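Working notes, structure below.
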Amino acid sequence: MQSSFSLSCSQATTVPRSNYTFDSLPFAPSKPINLRFCGLRREALGFSSLSRSHFRRGLQLHTPTRSKRISASLVDNGSPPKSFDYDLIIIGAGVGGHGAALHAVEKGLKTAIIEGDVVGGTCVNRGCVPSKALLAVSGRMRELQSEHHMKALGLQVSAAGYDRQGVADHANNLASKIRNNLTNSLKALGVDILTGVGTILGPQKVKYGKAGFPDNIVTAKDIIIATGSVPFVPKGVEVDGKTVITSDHALKLEFVPDWIVIVGSGYIGLEFSDVYTALGSEVTFVEALDQLMPGFDPEIGKLAQRVLINPRKIDYHTGVFASKITPAKDGKPVTIELIDAKTKEQKDTLEVDAALIATGRAPFTNGLGLENINVVTQRGFVPVDERMRVIDADGNLVPHLYCIGDANGKMMLAHAASAQGISVVEQITGRDHVLNHLSIPAACFTHPEISMVGLTEPQAREKGETEAFEVSVAKTSFKANTKALAENEGEGLAKLIYRPDTGEILGVHIFGLHAADLIHEASNAIALGTRIQDIKFAVHAHPTLSEVLDELFKSAKLKTAPSMYKLVTEVFNLWGRLKLMFQAR
Amino acid sequence: MASSSPFLSKIPISNRTICFASSLSPIPSKFPSKSLRHHRRNALKVQSKIREIFMPALSSTMTEGKIVSWIKSEGDVLSKGESVVVVESDKADMDVETFYDGILAAIVVPEGETAPVGAPIGLLAETEEEIAEAKAKAASQTGSTASPAIAPTPPRATSTPAPAISQPTPAPAAPAAEGPRKIVATPYAKKLAKQHKVDINKVVGTGPFGRITPADVEAAVVITPSKPVAPKPAPAAAASPSPAKAAATSSASPLPGSTVISFTTMQAAVSKNMVDSLSVPTFRVGYPVTTNALDALYEKVKPKGVTMTALLAKAAAMALVQHPVVNASCKDGKSFTYNSNINIAVAVAINGGLITPVLQDADKLDLYLLSQKWKELVEKARAKQLQPHEYNSGTFTLSNLGMFGVDRFDAILPPGQGAIMAVGASKPTVVADADGFFSVKSKMLVNVTADHRIVYGADLAAFLQTFAKIVENPESLTL
């Protein structure tokens, strides 16, 4: 677990909830949180307002008045209300909140969703969705620019070029399309969308409202916090939104710098390096850990580095922090001061055209009113149990209050938030449910893609050691796959980590063409508890990339104990044969 | 994997510095053992028990390898065939096995560091007593390893022509060239520089804020090869010792028992230039020249130290003065570049290759100065001390195989020049003059290869006519 967490050394952000100031460098490898992928992929529903800084300041200004009002309301309403406006209120309309709302409606709950910004949250507006649009462009650019690749296919393409605004528009159009889809689906199902910033006033009671308007107070039987996260900006970094940017700005693609430093080599950084290099930029990674892509299975990471980093116009500095980043101004370039991650000695200064801060994401739980219900965040994250029930400062469960998605930090991925939301709805409608986070896949949409589910090899080996079971690894290459070769994309590896004694799948990691789409066979198997000895008989269409996994499962060597049943039948067969022989005689 | 074993070689104990001589097992070793050999001293004296583990060449394109991990640690007992170390090449990670039994005495290159192919990465002792000794060696080696160990390992393919030709000094590969120097170069510029072996510190940055951009490196690279083009006339193969030949034809699988020897830097440069020359459309014009008068002159001036090469170079230079287009070059396929100087490059076979020292301003220097200059250049070339401008500034090349009795041959035009002249032997020939009288005259065949983009047939014919006239009336040469 620890190691996966480190994926984010940069991203494993310690966020004191009071404000976004950090008293220490953002390296907190101590807390064993579940996998937290630093990706565009992770969602944050947000109070992420158009201009976040203003918004935050606004919150602080309001604080005194609010707390007064709250105390009053607490006096008035010390006990939970008897009848409720809604069965379920969800704070935050990102992918997590949306998933929960849909499932709640299906279960017959009267549901409302509170959103202070735009529906869709980070994923749709500033994350996975627009980034996929950019990556779709970069993938094609890369292909068209690869003369060698084209020639091998017998294609001739004259100089490929792109129109920056056109690319940016594509990303923006995609985001608004998905946002409309999301909004419409909520409306069509009869979910009330309450606009404003949601604040918890007390048990089962929420206040929402826009700045400058009177607040509304609503009550609900159950409340889900799904407020997501915002890009984490370490201390010493001055973000101007032009030359020193976060993923929020980068996705607008307002300019394509000649040379950009990407701070952090997790998912976000990797995906952006793919985009920028395809569009002609040169990239320098700054990674605080000793190696790039620290969260990935080491073998996959190494292969990915050989394919995604080394041959491209990318170099990197590892084991260093960007201690100070100054935007370009007065005719000077962006300067980045690097210090050694361990000794804190000044190491180097980079002068580049732009810097992208991809050091992970910080939970957005500021101004949520958690103090009203005696909940203290841990570095900004809302503490929850395995059923997403919020835990208060005394270690007790807060009744009827749940927190899903990035805000709880269990697994910072859009689909994880959604799955957690569905799990919560299951519970509040009377069916106990615990989500198995090890069955949640993750993907990085570089070219080729990287995907994974379950444990990495070192994690599995560690677990095997403590729980005394054997761990085996099977691998197959995309080079042996017909479809991959037809596409001339034979570069890739699929890796299966399993228990040879039981056939249990512990983890699957794929690097190769369409890896993100291929992982689901493995993640479903883990979720459903399918064993290798069973899944290896499943049939795959030929020729498809999915045969990579077929072959992977088939190549696993199981050591299932010879079953008693088999032994007995063998004996009977032998006996039968002997009898026949005797009869024949 | 099986082939990755034999990287241990026996070394004589005796001297302090490590000499890694000798028994590179014959199979795939990539480095030129001959250059290592001269280190060997008192090899017979002590039967050594300390062997070196070399960085293996795991792929044909590998020039350096990174130690991923040492499977064994210092003091471990190894038996033949066991995996000792995992090496990361440009393609994959591979286990490297020992070829001998012994004790891993010292690790010279620790995990995570990079060493060029053929450099020692560890020491293997046969007995425990020798461990201390091996360690001492390792210590001395880690200190000195950078230069002496790395120097003789340049079996690199595709390098730019090379100062290495003139100076066999270490061409340090500067692993991970990221010193604290304040040089700003973009990632791709650094990669290109490394790839083309350009010292990034010497590249002038023209990008924003004076940074070195890929274009700057490219410019630096292009300038180097386009001028230096150490011109290689075809006779290269004939004139130079033959091992290069074997290597040159080895695209088919080699016959059992044949040896494969990688190009030296110079041979690689020749190879590259020869392939590059294919992009230039050339044609050839031959011309018989009567040399009786020239021979007579040569006999006269020989005692004064004038060589035939100098005479021919002078004659060519004087002819070029009258035909500047033959001294021109076509750099981009769109324009003529008329050179301001007439610099005659003359191909010289030297041990293991050839080089073209340049007689600069051959038209302006007198014959005696030219001869003197030529002598100096040849000496420098033999000593491998030519400066780049002394072998890469030619505008016209002269290649003479007459001394071997060759009567005519065809030279390949070196990229970046307009023409090259191939001179055969002068032979007594029966000729009939205009009146029908027979006589015996010395004739030599001169064959010029030229770039037809800029030099046309008539240009070349006229040039040769002028050249023949000068040779036939050589008095002007001594003026």
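The values are calculated or read from the model by the stated rules, or taken from the named source; none is laboratory data. This structure is a prediction, so every number in the text was calculated from the model and none was measured. Neighbour counts are summed over all protein chains in view; Cβ atoms, including those assigned to glycine, are modelled from backbone coordinates with ideal geometry. SASA here: full protein model, heavy atoms, side chains in, ligands and nucleic acids out. Shrake-Rupley method; radii C 1.70, N 1.55, O 1.52, S 1.80 Å.
Select, from A:503, A:490, A:507, A:512, the only residue that is over 21 Å from residue A:300 (Cα atoms) and open to solvent by less than 60 Å² (accessible area, probe 1.4 Å).
Numbers: A:490 fails: over 21 Å from residue A:300 (Cα atoms); A:507 fails: over 21 Å from residue A:300 (Cα atoms); A:512 fails: over 21 Å from residue A:300 (Cα atoms).
From the options A:503, A:490, A:507, A:512, the qualifying one is A:503.
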Name the residues in segment A:216-251 that are in contact with a Ser or Thr (Cβ under 8 Å, 6 or more places away or on another chain), outside any helix (DSSP H, G or I) and either open to solvent by 20 Å² or more (accessible area, probe 1.4 Å) or within 19 Å of residue A:275 (Cα to Cα) (or both), would you? A:217, A:231, A:233, A:235, A:236, A:238, A:239, A:244, A:251
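Only strands (runs of 3 or more DSSP E) wholly contained in segment B:84-125 count here; list those with 2 or more residues that are away from chain A (no Cβ under 14 Å) and farther than 22 Å from residue B:136 by Cβ. Steps first, answer last, please.
Working: elements: B:93-97, B:102-107, B:114-116, B:120-125.
Because the criterion is at least 2 residues that are away from chain A (no Cβ under 14 Å) and farther than 22 Å from residue B:136 by Cβ, the strands (runs of 3 or more DSSP E) in segment B:84-125 that meet it are B:93-97.
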So which helices (runs of 4 or more DSSP H) are wholly in segment A:506-563 and hold at least 1 residues that are under 11 Å from residue A:441 (Cβ atoms)? A:515-528
Restricting to segment A:459-483, what's the tally of residues that are open to solvent by 40 Å² or more (accessible area, probe 1.4 Å) and among the aliphatic types (A, V, I, L, M)? 3
Filtering segment B:182-219 down to residues that are assigned to a loop (DSSP other than H, G, I, E, B) and facing chain A (nearest Cβ under 10 Å), which residue is most open to solvent (accessible area, probe 1.4 Å)? B:182
Quickly run through segment A:401-458 and pick out the residues that are part of a helix (DSSP H, G or I), touching a Ser or Thr at 6+ places or on another chain (Cβ under 7 Å) and surrounded by 23 or more Cβ atoms within 10 Å (Cβ to Cβ). A:406, A:407
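Look at residue B:352 and say whether it is modelled with pLDDT under 85, under 14 Å from the mean Cα position of the chain (by Cα) and of a type in the set (Gly, Ala, Ser).
On the way: modelled with pLDDT under 85: yes; under 14 Å from the mean Cα position of the chain (by Cα): yes; of a type in the set (Gly, Ala, Ser): yes.
Spelling it out, residue B:352 is indeed modelled with pLDDT under 85, under 14 Å from the mean Cα position of the chain (by Cα) and of a type in the set (Gly, Ala, Ser).
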Taking the conditions exactly as written (open to solvent by less than 10 Å² (accessible area, probe 1.4 Å) and closer than 21 Å to residue A:312 by Cα), does residue A:138 satisfy them or not? yes
Listed by first then second residue, the pairs whose first member lies in segment A:227-252 and is on the phi > 0 side of the Ramachandran plot, whose partner is assigned to a strand (DSSP E or B) and open to solvent by 20 Å² or more (accessible area, probe 1.4 Å), with beta carbons under 9 Å and at least 6 positions apart or on separate chains, are A:236/A:323; A:236/A:324; A:236/A:337
Tell me whether segment B:357-367 contains one or more residues that are open to solvent by 70 Å² or more (accessible area, probe 1.4 Å), in contact (Cβ under 8 Å) with a residue 12 or more places away in the chain and either farther than 17 Å from residue B:470 by Cα or assigned to a helix (DSSP H, G or I) (or both). no
When you check residue B:478 against the structure, is it open to solvent by 30 Å² or more (accessible area, probe 1.4 Å) and either touching a helix residue (DSSP H, G or I) at 6+ places or on another chain (Cβ under 6 Å) or aromatic (Phe, Trp, Tyr) (or both), yes or no? yes
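Looking at this structure, is residue A:254 surrounded by fewer than 24 Cβ atoms within 10 Å (Cβ to Cβ) and either within 10 Å of chain B (Cβ to nearest Cβ) or outside any strand (DSSP E or B) (or both)? Working first, answer last.
Numbers: surrounded by fewer than 24 Cβ atoms within 10 Å (Cβ to Cβ): yes; either within 10 Å of chain B (Cβ to nearest Cβ) or outside any strand (DSSP E or B) (or both): yes.
In short, yes.
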So which residues in segment A:538-570 are loosely packed, with under 12 Cβ neighbours inside 10 Å, more than 12 Å from residue A:503 (Cβ to Cβ) and either modelled with pLDDT under 90 or not aliphatic (A, V, I, L, M) (or both), if there are any at all? A:542, A:562, A:563, A:564, A:565, A:566, A:567, A:568, A:569, A:570
Filtering segment A:318-327 down to residues that are surrounded by fewer than 20 Cβ atoms within 10 Å (Cβ to Cβ) and within 12 Å of chain B (Cβ to nearest Cβ) yields A:318, A:319
Determine which single condition residue B:460 fails, assuming it passes every other condition in (1) free of Cβ contacts under 8 Å to residues at least 24 places away in the same chain; (2) surrounded by 14 or more Cβ atoms within 10 Å (Cβ to Cβ). (1)
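So that you can scan it fast, the table gives a plain yes or no per residue for (1) of a type in the set (A, V, I, L, M); (2) open to solvent by less than 30 Å² (accessible area, probe 1.4 Å):
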{"position": "B:274", "(1), (2)": "yes, no"}
{"position": "B:286", "(1), (2)": "no, no"}
{"position": "B:290", "(1), (2)": "no, yes"}
{"position": "B:300", "(1), (2)": "no, no"}
{"position": "B:306", "(1), (2)": "yes, yes"}
{"position": "B:318", "(1), (2)": "yes, no"}
{"position": "B:326", "(1), (2)": "yes, yes"}
{"position": "B:339", "(1), (2)": "no, no"}
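Scan segment B:298-347 for residues that are basic (Lys, Arg), farther than 14 Å from residue B:362 by Cβ and part of a helix (DSSP H, G or I) and jot them down. Spell out the reasoning first.
Narrowing segment B:298-347 to residues basic (Lys, Arg): B:300, B:302, B:304, B:314, B:331, B:334.
If we keep only those that are farther than 14 Å from residue B:362 by Cβ too, we end up with B:300, B:302, B:304, B:331, B:334.
Hits for segment B:298-347 are B:300, B:302, B:304.
Can you tell me which residues in segment A:332-346 are over 21 Å from residue A:293 (Cβ atoms), within 14 Å of chain B (Cβ to nearest Cβ) and out of contact with any helix residue (DSSP H, G or I) (no Cβ under 9 Å at 6 or more places or on another chain)?
So in segment A:332-346, the residues over 21 Å from residue A:293 (Cβ atoms) come out as A:332-335, A:337, A:339, A:343-346.
From what's left, within 14 Å of chain B (Cβ to nearest Cβ): A:332-335, A:337, A:339, A:345-346.
Selection gives A:334, A:335, A:337, A:339, A:345, A:346.
Can you confirm whether residue A:268 is out of contact with any Asp or Glu (no Cβ under 8 Å at 6 or more places or on another chain) and either buried (at least 24 other Cβ atoms within 10 Å of the Cβ) or within 14 Å of chain B (Cβ to nearest Cβ) (or both)? Let's see the steps before the verdict.
Working: out of contact with any Asp or Glu (no Cβ under 8 Å at 6 or more places or on another chain): yes; either buried (at least 24 other Cβ atoms within 10 Å of the Cβ) or within 14 Å of chain B (Cβ to nearest Cβ) (or both): yes.
So residue A:268 fits the description; yes.
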